[in-house]
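Supplied in structure tokens, the structure appears directly below.
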Amino acid sequence: MKSMLIIAFSLLSLGVMGQNKPYLSLVDADRIYESAAAKAQAEGWNVVIAILDDGGHPILLKKMDGVQIGSVEVALAKAKSAVFFKRPTKAFEDAMKGEGGSRIATLPNAVGVEGGLPLFKDGVIVGSIGVSGVTSAQDGIIAQAGVEGY
């Protein structure tokens, strides 16, 4: 039994290791953060910026001086929503304003506040960015600057 598990694990590892699936590296996350942070600083906005991988796990999270601590969880939630649903959180915000929008509030991990954007490489989702600290529209502007820096 033990040898079968070792063989199965080895085959699984070979399959995963042999893939050329795009991914978000720490260097990529740093570049995205720097672009987003530059926009926030240029506008005088203190925010939290979270960058997640394609599984919704943090690669990078930075909280600027003076931003409320509640924005840490909000930035993470926005980023998680964007990567899990492969769409901007603004799509949920807009849907919540429409007829039947209250159903969005019942979806696990769906955040109906602008500021979360998915990140794609070669048409494959590789992660996301979430920003919180100012208005949702301003968070969205900062997140977009991060995407543009990618």
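The values are calculated or read from the model by the stated rules, or taken from the named source; none is laboratory data. Worth saying up front: this structure is predicted, and the values here are computed from it rather than measured. Backbone-built Cβ (ideal geometry, glycine too); neighbour counts: all protein chains shown.
Please work out which residue is nearest to the chain's Cα centre (by Cα), limiting yourself to the stretch 69-79 and to residues that are over 16 Å from D53 (Cα atoms) and buried (at least 18 other Cβ atoms within 10 Å of the Cβ).
V74
In a helix (DSSP H, G or I), in contact with a Gly (Cβ under 7 Å, 6 or more places away or on another chain) and surrounded by 15 or more Cβ atoms within 10 Å (Cβ to Cβ) - does that describe any residue in the stretch 61-68?
no
Which residues, taken from the stretch 50-103, are β-branched (V, I, T) and closer than 23 Å to Y150 by Cα? First the steps, then the outcome.
Taking the stretch 50-103 first, the residues β-branched (V, I, T) are 51, 59, 67, 69, 72, 74, 83, 89.
I51, I59, V72, V74, V83, T89, listed by residue number.
Of all residues in the stretch 96-150 being surrounded by fewer than 24 Cβ atoms within 10 Å (Cβ to Cβ) and among the polar types (S, T, N, Q), which is farthest from E34 (Cα to Cα)?
S102
Name every residue in the stretch 118-150 that is of a type in the set (G, A, S), part of a helix (DSSP H, G or I) and farther than 19 Å from F84 by Cα, in order of residue number. It would help to see each step written out before you state the result.
Going residue by residue through the stretch 118-150, those that are of a type in the set (G, A, S) are 123, 127-128, 130, 132-133, 136-137, 140, 143, 145-146, 149.
Subset that is part of a helix (DSSP H, G or I): 136-137, 140, 143, 145-146.
Of everything in the stretch 118-150, those that are of a type in the set (G, A, S), part of a helix (DSSP H, G or I) and farther than 19 Å from F84 by Cα turn out to be S136, A137, A145.
Go through (1) assigned to a helix (DSSP H, G or I); (2) out of contact with any Phe, Trp or Tyr (no Cβ under 8 Å at 6 or more places or on another chain); (3) surrounded by fewer than 19 Cβ atoms within 10 Å (Cβ to Cβ); (4) at pLDDT 95 or above for R31 and report which single condition fails.
Of the numbered conditions (1) assigned to a helix (DSSP H, G or I); (2) out of contact with any Phe, Trp or Tyr (no Cβ under 8 Å at 6 or more places or on another chain); (3) surrounded by fewer than 19 Cβ atoms within 10 Å (Cβ to Cβ); (4) at pLDDT 95 or above, the odd one out for R31 is (2).
Can you tell me which residues in the stretch 78-108 are under 19 Å from S128 (Cα atoms) and among the small types (G, A, S)?
Once the filter is applied, which keeps residues that are under 19 Å from S128 (Cα atoms) and among the small types (G, A, S), the stretch 78-108 yields A79, S81, A82, A91.
Criterion first (modelled with pLDDT under 95, among the small types (G, A, S), part of a helix (DSSP H, G or I) and surrounded by 10 or more Cβ atoms within 10 Å (Cβ to Cβ)) does S3 satisfy it?
no
Further question: Here is a check on your reading of the model: is L117 in contact (Cβ under 8 Å) with a residue 60 or more places away in the chain, in contact with a Gly (Cβ under 9 Å, 6 or more places away or on another chain) and closer than 19 Å to Y23 by Cβ?
So L117 fails the test.
Then there is this: Write out, first by first residue and then by second, each pair whose Cβ atoms fall under 8 Å of each other, whose residues are 6+ apart or on separate chains, and whose first residue, in the stretch 64-75, is closer than 14 Å to A40 by Cβ while the second is in a loop (DSSP other than H, G, I, E, B) and among the small types (G, A, S).
Every condition considered, the pairs that remain are M64/G133; V67/G133; S71/G133; A75/G115; A75/G133.
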